[in-house]
Amino acid sequence: MKLIFILRQTFSNLWRERTPVTATILTICIALTILVALFEVSFILFNQLDELKNNMQIEVYLKNDLSDSKIRTIKGQLEGITEVKNVRLITKSMAAEIFNREFGEDIMEILDENPLPVSFEITLYQHFNKPDYLKAFRQKVQNINGVEEVHYRHALIEKLETVTQAVAVSGIFILIILFIAMNLLIRNTLKLSVYARRKQIEIMNNLGAGHLFVRMPFILEGAIEGLIGGILSTVCLVFAHKFAETTFSMLDFARYTYELVALITICTGTAIGFVSSAGSVSGFVNKIFSKK
Amino acid sequence: MIQFKQVTLDYNQVSGALKDINLQLHDGDFTLLLGPTGSGKSSLLRLIYMEMLPNRGIVSVDRWISSHITPRQINFLRRHIGVVFQDFRLIENMNVFDNVALPLIIESYKKSQINKLVYGLLDEVNLLHAADQLASTLSLGEKQRVAIARAMVKDPFVLIADEPTGNLDREASKNVLSLLERINRNGTSIIMATHDYDLIKDTQYRRIYMEQGQIVPPGRTINTSKRRINILMQDE
């Protein structure tokens, strides 16, 4: 009976104060949508960056006219470096074939000779694929006798890393602001709700109601607002997902399931609602109790 | 038994403060607390259900003592005391049934018990027909009867009535008084604060007169807004 009474109180209060309640739900929905979307974007960018790093190859071009034994020696030297996972030799003829494949022209027909140098394609172990390591590695390889040039897409990697870090840092910043905004809004709605019912709270107190009995409808109100906000946010995110999947087809969305997004969003919404209301309502109720 | 020992309360400089109150209220009594507005009647009642605690002295209500009581125990005390106010203090957007049932819901009574007790009391105060009506739709007299039913639903050992007829017309006031008398006959102590002397002039209940926060001793005269009253006899 007590629980039914509390639930009835909660839902009738939600209905009675539907305007501020709707505003809170919408704010939670918008904030959660931005929050989860940001989280996902950061996640996708980190994954793409990781994948790019994993598949990144360093090209080491050798000087012309090196003997086969010298080339084998350099290969051995490269394989001996700790960071190196794999070394693949690209001969002059293989380089010509690649040129032919990529540009659709036979270099021998254009220049009557093959100027492309012998090179190695090097793959590093994943944890060495960082700008600092790469710079040091480049220097190390550059010093090997017979090496002409070491080339890798460092600019792209560095830029991607900077962007990803910026997204992550701004994500945390936005996350904190959104949390504060949600908390303030829930607090304000509850404050209005508590003050609108301060007489009722005083009456309950006079009848011997404990603090928990008085507070529980307010706490549930916050949790329900968070829950509804979370559900609405999930709907928004599903639509955003579908749009992003078709628009940015080059990105890998495969590992994100709607169920997981829904679970995270709804649980986060409910938890924020619950914690914000539980944290603030006792203060407001105590204020009313102590005003007598 | 309710006892006040050298109780002083200085909660408001203008009115309501109490000075050196010594008083004993016995079980089963109907006690009338009389005096002009601001004489300290309401403060004295509020000390009984410990909405306020004395600055000096001790108030003991049954087994609870003001000097040692915790907030949790105050809640518990209030569950054993019925209180009726001049402004009824009903929850206006709740129906009559829920208003009366509230003290039982707070104490987690079963639904069947709640139905039995609440409908029984509503029948007693002639409001069975209004059980589903919102409190806000009732007349003032009906509201006070609902408030009395709510105060009585837990079968308290004492019912405190603070100006219960203050907002009512003569007819409704008489009905409320006779309802309180009926409750008293069933064994519940009643402490009723009022300044409606006409209403209680024919009753033989114990009267305590208050003026400026003190109990007026016999032989003195007190001034009210309407008349001068000679205190010829008083128990304390």
*Taking the condition out of contact with any Phe, Trp or Tyr (no Cβ under 6 Å at 6 or more places or on another chain), more than 10 Å from chain B (Cβ to nearest Cβ) and either assigned to a helix (DSSP H, G or I) or within 20 Å of B:Pro71 (Cβ to Cβ) (or both), does A:Ile203 pass?*
no
*Any residue in region A:173-191 that is assigned to a helix (DSSP H, G or I), within 14 Å of chain B (Cβ to nearest Cβ) and not aromatic (Phe, Trp, Tyr)?*
no
*Does region B:115-129 hold any residues that are over 19 Å from B:Leu168 (Cα atoms) and either surrounded by fewer than 20 Cβ atoms within 10 Å (Cβ to Cβ) or more than 14 Å from chain A (Cβ to nearest Cβ) (or both), and which are they?*
B:Asn115, B:Lys116, B:Tyr119, B:Gly120, B:Leu121, B:Leu122, B:Asp123, B:Glu124, B:Leu128, B:His129
*asked:* So, A:Ala31, is that one modelled with pLDDT of 85 or more and of a type in the set (Gly, Ala, Ser) or not?
replied: no
_Condition met for A:Leu14 (more than 27 Å from the chain's Cα centre (by Cα), surrounded by 19 or more Cβ atoms within 10 Å (Cβ to Cβ), within 14 Å of chain B (Cβ to nearest Cβ) and not hydroxyl-bearing (Ser, Thr, Tyr))_ = yes
*asked:* Going residue by residue through region B:68-81, is there one that turns out to be hydroxyl-bearing (Ser, Thr, Tyr) and either under 30 Å from B:Leu134 (Cα atoms) or away from chain A (no Cβ under 14 Å) (or both)?
replied: no
*Please name all residue pairs, on different chains or six or more residues apart, with Cβ atoms under 9 Å, provided the first residue is in region B:103-114 and is acidic (Asp, Glu) and the second residue is assigned to a helix (DSSP H, G or I).*
B:Glu107/A:Lys2
*From the options A:Thr73, A:Thr33, residue that is in contact with a Cys (Cβ under 6 Å, 6 or more places away or on another chain) and either surrounded by 14 or more Cβ atoms within 10 Å (Cβ to Cβ) or of a type outside the set (Ser, Thr, Tyr) (or both)*: A:Thr33
*Failed condition for B:Gly28, given (1) within 14 Å of chain A (Cβ to nearest Cβ); (2) on the phi > 0 side of the Ramachandran plot, with all others met?*
(1)
*Of the residues that sit in region A:271-287 and are β-branched (Val, Ile, Thr) and within 18 Å of A:Ala209 (Cβ to Cβ), which one is modelled with the highest pLDDT?*
A:Val281
*Have a look at A:Ile90, A:Ile81 and point out the one that is surrounded by 14 or more Cβ atoms within 10 Å (Cβ to Cβ) and within 22 Å of A:Ala136 (Cα to Cα).*
A:Ile81
_Cβ-Cβ distance below 6 Å, separation of 6 or more or different chains: which pairs start in region A:206-221 with a residue that is away from chain B (no Cβ under 12 Å) and among the β-branched types (Val, Ile, Thr) and end on one that is part of a helix (DSSP H, G or I) and surrounded by fewer than 22 Cβ atoms within 10 Å (Cβ to Cβ)?_
A:Ile219/A:Ala278
*Report, ordered by the first and then the second residue, all pairs with beta carbons closer than 7 Å, sequence separation of six or more or different chains, a first member in region B:88-99 that is facing chain A (nearest Cβ under 8 Å), and a second member that is hydroxyl-bearing (Ser, Thr, Tyr).*
B:Asn93/B:Ser136
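The values are calculated or read from the model by the stated rules, or taken from the named source; none is laboratory data. As the structure is a prediction and not an experimental result, all values here were calculated from the model. Backbone-built Cβ (ideal geometry, glycine too); neighbour counts: all protein chains shown.
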